[in-house]
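A short reminder: the numbers here are calculations on the coordinates, not readings from a lab. Keep in mind it's a predicted model, so treat the numbers as computed, not measured. Please note: Cβ atoms are built from the backbone with ideal geometry, for glycine as well, and neighbour counts cover all protein chains shown.
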Amino acid sequence: MKRIGVLISGGGTNLQALIDAQGSVLKSGKIVCVCSNSANAYGLERAKKADIPTKVIRKKADCGGDIDEFSRQICAYMKEMRVDIIVLAGFMAIFGGELLKEYADRIINIHPSLIPSFCGEGMYGLKPHMAALEYGVKVTGATVHLVNEVVDGGRILMQKAVYIEDGDTPEVLQKRVMEQAEWIILPQAVEMVCSAD
Ligand code: GAR
């Protein structure tokens, strides 16, 4: 059984999908901790309800805004919790150095578009959906990929397409992409990585 650490920043619906998948779709891994870069993230409540240990590490307040220190502290917590695989489930901060090196090919991210469309630095949360609607594409979706030093640039593990409908707003589209793609492929892709070796 692989030990999974989940990083979040907000509502944590993808974390919830992982929690709910434990024992069914997610058979080869177990969530052992949740770390948030915001003290107000509702996902922390979801973790507590599921009896999963939590920790808050804020880039500014706890690390003086230093990205290397932020990465170092997250890495230290992941090691303390003996985490094998890290999942970024709506994690809106960028980290570097130590964490990427220590967990090379063992960090998984979910992104709310079909990479390489509407991704990269600054494209997070509602923004990929706003960009998709503005561009006028008829199909969007979600991508689960490995994390490397290029933002949203690591190897793609899984993708699922979702149709755009007339009258969609960014919020309506975000909800459909979550329901029809993210909450389905994230647990599947995490299981794929956990069961790989
Ligand atoms: C999700 O749509 C996720 O794909 C996206 O933020 C949302 C978080 O929701 N992630 C990114 O944009 C990362 N670049 P959640 O907190 O309810 O899971």
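Please provide three numbers in whole Å: the alpha-carbon extents of the chain along the principal axes, with the largest listed first.
48, 39, 30 Å, listed from the longest principal axis down.
Can you tell which of 11, 154, 122 shows the greatest fluctuation in a Gaussian network model of the chain with Cα springs below 10 Å?
Ranking 11, 154, 122 by mean-square fluctuation puts 122 first.
Tell me the net charge near residue 133. Cut-off is 14 Å between Cβ atoms, residue 133 excluded, with +1 for each Lys or Arg and -1 for each Asp or Glu.
On the way: positive: 127, 138, 175, 176; negative: 134, 165, 166, 168, 171.
Around residue 133, the charge tally is -1.
Quick one: which residues, 5+ away or cross-chain, put their amide H under 5 Å from the amide H of residue 141? H built at 1.01 Å from N.
114, 162
PRE reach from residue 105 (point 7 Å along Cα→Cβ): which of the stretch 139-178 fall under 15 Å by backbone N?
Within reach of a label on residue 105, which here means backbone N under 15 Å from a point 7 Å along Cα→Cβ, the stretch 139-178 contributes 146-149, 154-157.
Enter the per residue convex hull volume of the stretch 128-192, computed from alpha-carbon coordinates, in Å³ rounded to the nearest integer. It would help to have the intermediate numbers written out before the result.
Working: hull volume 5.4 nm³, N = 65.
Each residue corresponds to 82 Å³ of Cα convex hull volume.
For the stretch 96-159, calculate the relative contact order in percent as a whole number, restricting contacts to Cα pairs under 8 Å that are 6 or more residues apart.
Working: 89 pairs, mean separation 25.1, N = 64.
Reported relative contact order: 39 percent.
In a GNM of the chain with a 10 Å cut-off on Cα contacts, which of 71, 28, 117 has the highest mean-square fluctuation?
117
Residue-wise, which Karplus ³J(HN,Hα) couplings in Hz belong to the stretch 26-41, taking 6.51 cos²θ - 1.76 cosθ + 1.60, θ = phi - 60°, and x for glycine or proline?
Ordered by residue, 3J(HN,Hα) equals 9, 9, 9, x, 9, 6, 9, 6, 10, 10, 10, 9, 9, 5, 8, 4 Hz.
Suppose the chain between residue 1 and residue 48 were pulled fully straight at 0.36 nm per residue; how much longer would it get relative to their current alpha carbon spacing? Show your work: numbers first, answer last.
Working: separation 47, 0.36 × 47 = 16.92 nm, distance 2.14 nm.
Length difference between fully extended and current span is 14.8 nm.
What is the set of long-range amide H partners of residue 56 at a cut-off below 5 Å, with H atoms built 1.01 Å from backbone N?
36
Just rank 27, 59, 160, fewest to most, by other beta-carbon atoms within 10 angstrom. Provide the component values of the computation, followed by the final result.
Details: 27 13, 59 20, 160 16.
In order of increasing Cβ crowding within 10 Å: 27, 160, 59.
Please determine, in degrees from 0 to 90 and to the nearest 10, the orientation of helix 183-194 with respect to the longest principal axis defined by the Cα atoms of the chain, where the helix direction is its Cα long axis.
Tilt relative to the chain: about 40 degrees.
Take every DSSP beta bridge whose two residues both sit in the chain, then give the antiparallel share in percent to the nearest 5.
Here the share of antiparallel DSSP bridges comes out near 40 percent.
What order do you get for 145, 129 when you list them from fewest to most C-beta neighbours inside 10 Å? Write out the running numbers ahead of the final one.
Details: 145 22, 129 25.
Listed from fewest to most nearby Cβ atoms, that is 145, 129.
Just list whichever of 101/175; 27/55; 2/60; 101/138; 49/79; 49/138 have alpha carbons separated by over 28 Å in the model shown. Walk me through the numbers on the way to the answer.
Details: 101/175 34 Å; 27/55 25 Å; 2/60 31 Å; 101/138 38 Å; 49/79 23 Å; 49/138 38 Å.
Those over the limit are 101/175; 2/60; 101/138; 49/138.
Along the stretch 130-142, what does the Karplus equation 6.51 cos²θ - 1.76 cosθ + 1.60 (θ = phi - 60°) give for ³J(HN,Hα), rounded to whole Hz, x for Gly and Pro?
Working through the residues one at a time gives 4, 5, 5, 5, 4, 5, x, 5, 9, 10, 10, x, 9 Hz.
For Cα pairs less than 8 Å apart in space and 6+ apart in sequence, what is the mean separation divided by the residue count of the chain, i.e. the relative contact order in percent? Working shown, then result.
Details: 389 pairs, mean separation 43.1, N = 197.
Rounded, it is 22 percent for the chain.
What is the helix-to-structure angle for 67-80, meaning the angle in degrees between its Cα long axis and the longest Cα principal axis of the chain, kept from 0 to 90 and rounded to the nearest 10?
70
Long-range amide H contacts for residue 84: which residues qualify at under 5 Å (H placed 1.01 Å from N, peptide plane, sequence gap of 5 or more or a different chain)?
Close amide H contacts, sequence-distant or interchain: 3, 4, 5.
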